[in-house]
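**Q** Okay, here's the structure, questions in a sec.
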Amino acid sequence: MINIRVLTIFPNIFESFLAYGNPARAIQMGLASVQPVDLRQFGDEPRRSTDDYPYGGGIGMIMKPEPIVRGIRSLEAYDVVTHKILLTPQGRKLKQEIVEELSHKSELLLICGRYEGIDERVRYFVNDEISVGDYVLSGGETAAMVLIDCIIRLVPGVLGSDSRIDGESFYNGLLEYPQYTRPRDFEDCQVPSVLLEGHHEKIRRWKRKMSLVKTMRNRPDLMKSITVDEEMEELLNEIESERLI
Ligand code: ADE
């Protein structure tokens, strides 16, 4: 069971996201709870404002520290450690390893920034800063949805028993092999014959080889971190001699 709270000025953004697919199923099964909370309720009177002009000048507005810290203090669980994450393009970049680490926590509090930035002092009140990628979103809400989605699907019991995460992209540091379904022939493109022949060992080897090919083509940066075993060495030689790259 994982309990995720989200501090945001747009709590309604999360409604349809939480109403479909894995997030909805996890919530319905009692394996996760996700509670978006309106930051405005912690805003400064008289207008419950949550932003102000930047010191030193510059464009746009900055999120004030007090409403966020009031929100953090009010939402933090009192009996267990709450892992508090600020979503920001300046955070550590999200990858499957981090998702796995976070999926073992029981209490998460996600803090979504908006406007042009967030007062730097908010960082003293969180445990973690996460970026979903090297690009700038309009706010942390879409990043929080990405994070919630990939965490929830790792909570035991959320994925159906016929879903396996051990062949998925990134599970072993490689991208997933290509997948096919019917028809066998689509617009003159055929399903690779090895997949139709039912030779399990050949299929396993082919999948591993294609994982390597795909990774070398699309994400050569990932190749630096893999451990090459004997079979992989053979596959890499085949890939080279068959000029698949
Ligand atoms: N807020 C704006 N851009 C972001 C990003 N790339 N990751 C997380 N939060 C963000």
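**Q** Filter region 136-185 down to residues that are under 25 Å from L109 (Cβ atoms) and among the hydroxyl-bearing types (S, T, Y) and give me whichever is modelled with the highest pLDDT.
**A** In this case the residue turns out to be T142.
**Q** If I ask for residues that are more than 16 Å from the ligand (Cβ to nearest atom), in contact with a strand residue (DSSP E or B) (Cβ under 8 Å, 6 or more places away or on another chain) and of a type in the set (D, E, K, R), which ones from region 36-83 would you list?
**A** D38, D52, K64, E66, E76
**Q** Something else now. Checking the condition in a helix (DSSP H, G or I) and surrounded by fewer than 10 Cβ atoms within 10 Å (Cβ to Cβ), which residue from E201, E240 passes?
**A** That would be E201, the only listed residue that is in a helix (DSSP H, G or I) and surrounded by fewer than 10 Cβ atoms within 10 Å (Cβ to Cβ).
**Q** Filtering region 128-139 down to residues that are within 15 Å of the chain's Cα centre (by Cα) and under 24 Å from I9 (Cβ atoms), which residue is surrounded by the most Cβ atoms within 10 Å (Cβ to Cβ)?
**A** So, considering only residues that are within 15 Å of the chain's Cα centre (by Cα) and under 24 Å from I9 (Cβ atoms), the one surrounded by the most Cβ atoms within 10 Å (Cβ to Cβ) is I130.
**Q** Looking only at residues that are more than 13 Å from the ligand (Cβ to nearest atom) and of a type in the set (G, A, S) in region 84-132, which one is farthest from T142 (Cα to Cα)?
**A** Step by step, filter region 84-132, then rank; the result is S106.
**Q** I'd like to verify a number: residues in region 140-192 that are open to solvent by 40 Å² or more (accessible area, probe 1.4 Å) and within 16 Å of the ligand (Cβ to nearest atom), how many?
**A** So the answer is 3.
**Q** Restricting to strands (runs of 3 or more DSSP E) lying wholly in region 9-127: which have 2 or more residues that are in contact with a Cys (Cβ under 9 Å, 6 or more places away or on another chain) and buried (at least 17 other Cβ atoms within 10 Å of the Cβ)?
**A** Once the strands (runs of 3 or more DSSP E) in region 9-127 are filtered for at least 2 residues that are in contact with a Cys (Cβ under 9 Å, 6 or more places away or on another chain) and buried (at least 17 other Cβ atoms within 10 Å of the Cβ), what remains is 83-93.
**Q** Does A26 satisfy being within 30 Å of G157 (Cα to Cα) and modelled with pLDDT of 95 or more?
**A** Yes.
**Q** Right, another one. Applying the selection to region 133-149, what residues are in contact with a Gly (Cβ under 9 Å, 6 or more places away or on another chain) and part of a loop (DSSP other than H, G, I, E, B)?
**A** G139, the sole residue that qualifies.
**Q** Let me ask something else about it. Please name all residue pairs, on different chains or six or more residues apart, with Cβ atoms under 8 Å, provided the first residue is in region 173-184 and is free of Cβ contacts under 8 Å to residues at least 40 places away in the same chain and the second residue is of a type in the set (S, T, Y).
**A** Pairs that qualify, where the first residue is free of Cβ contacts under 8 Å to residues at least 40 places away in the same chain and the partner is of a type in the set (S, T, Y), are E176/S169; E176/S211; Y177/S211.
**Q** Within the set of pairs 6+ apart or on separate chains, which have a first residue in region 45-61 that is in the same structural domain as G71 (by TED's automatic domain parsing), a second that is among the hydroxyl-bearing types (S, T, Y) and open to solvent by 50 Å² or more (accessible area, probe 1.4 Å), and C-beta atoms under 8 Å apart?
**A** The qualifying pairs are D51/Y115; G60/Y115; M61/Y53; M61/Y115.
**Q** In region 204-237, what count of residues is obtained for those that are open to solvent by 50 Å² or more (accessible area, probe 1.4 Å), free of Cβ contacts under 8 Å to residues at least 24 places away in the same chain and hydrophobic (A, V, I, L, M, F, W, C)?
**A** Looking only at that region, the number is 1.
The values are calculated or read from the model by the stated rules, or taken from the named source; none is laboratory data. Just so it is clear, the model here is predicted, and its values are computed rather than measured. Neighbour counts run over all protein chains shown; Cβ positions are idealised from the backbone, glycine included. For the accessible areas, the whole protein counts, side chains as well, though only heavy atoms, and no ligand, DNA or RNA atoms are used. Shrake-Rupley method; radii C 1.70, N 1.55, O 1.52, S 1.80 Å.
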